[in-house]
Amino acid sequence: HGWDQKRLHRMIALSRTYRQATVRTPQLEEVDPENHLWARMNVQRLEAEAIRDSLLHTAELLDHQLGGTSLPVTEDKEGKAVIGTQKYRDGLLSGVDAASGQVSRASVYVQVRRRLPLTMLATFDQPVMNPTCALRAQSNDATQALWCLNDSTMVECAEQLAQRLCTSQADVADRLDELFLRLFAVPPTEAERELCAALLTDQRVTLTADDDAEWKKLVAADGQAIERRAWATLCQALLASNRFLYRP
């Protein structure tokens, strides 16, 4: 290749080894269980920025505006690094102004501050630029699972996706088809349909039995609240799955 890097990269990217899937088989497990011989591709999670953008895109929240100033990163009252600028009242921090409604822009526009990386990106191993980063690390720890369970961005994306599904499709099977096509680009298998249907049924029962006063008021005012919340739970579970967060 004469150290022609483009030619070298093309040769690597088009090679059979590079293009292999991560699928494990009994035969490969017996011959090369640790994958030292590159019998398959090793599992790789999406980069932190790709995870954020994929979540926003799937929920149709991603702002596709090109160019402009970077999105500021600041600390909120909970100590998390979020997009926006701090607001003060009587000299005390009262909240965060959400960057003039541009919080859903692509991650490439998020300001990179060495001392204050965006919490969401840092959770999923955004490079630490002190002073530079030659190779991204990849961890797998409890904070990532907790983020998928509790973070407001994940919850909002799940709720928006559920709202769109319940609005666009009346039939459960059609909703599942649309959901899986949005997230995984393939329709669900029969086994996956059964698992999703079971989760939805369980959630409907649980939400109907919930005696929280505020929840009861919401259900009384909105007859679709239980159905949307059940679908939001399913959406959040699938968005947090390895199938969504990792490359196939």
task = Examine segment 175-182 for a residue that is outside the structural domain of V82 (by TED's automatic domain parsing), free of Cβ contacts under 8 Å to residues at least 12 places away in the same chain, surrounded by 12 or more Cβ atoms within 10 Å (Cβ to Cβ) and not polar (S, T, N, Q), and state whether such a residue exists.
result = yes
inquiry  = Which numbered condition in (1) in contact with an Asp or Glu (Cβ under 9 Å, 6 or more places away or on another chain); (2) among the small types (G, A, S); (3) at pLDDT below 90 is the only one that A48 fails?
reply    = (3)
note = Those residues of segment 111-123 which are modelled with pLDDT of 85 or more and within 14 Å of K80 (Cβ to Cβ) amount to L116, P117, L118, T119, M120, L121, A122, T123
ask   = In segment 183-194, which residue that is surrounded by 12 or more Cβ atoms within 10 Å (Cβ to Cβ) and part of a helix (DSSP H, G or I) is nearest to the chain's Cα centre (by Cα)?
value = L183
task = Might you let me know whether segment 92-99 holds any residue that is part of a helix (DSSP H, G or I) and at positive phi?
result = yes
task = Give the residues of segment 111-152 that are assigned to a loop (DSSP other than H, G, I, E, B), over 21 Å from L71 (Cα atoms) and under 21 Å from the mean Cα position of the chain (by Cα), sorted by residue number.
result = R136, A137, Q138, S139, N140, D141
request  = Output the number of residues of segment 33-74 satisfying the condition of being among the charged types (D, E, K, R) and outside any helix (DSSP H, G or I).
outcome  = 6
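Whether any residue in segment 59-74 is farther than 30 Å from D151 by Cα and either under 26 Å from the mean Cα position of the chain (by Cα) or surrounded by 12 or more Cβ atoms within 10 Å (Cβ to Cβ) (or both) is what I want to check.
No, there is no match, as no residue in segment 59-74 is farther than 30 Å from D151 by Cα and either under 26 Å from the mean Cα position of the chain (by Cα) or surrounded by 12 or more Cβ atoms within 10 Å (Cβ to Cβ) (or both).
The values are calculated or read from the model by the stated rules, or taken from the named source; none is laboratory data. All values reported here derive from a predicted model rather than from experimental measurement. We place every Cβ from the backbone using ideal geometry, glycine too, and count neighbours over all the protein chains shown.
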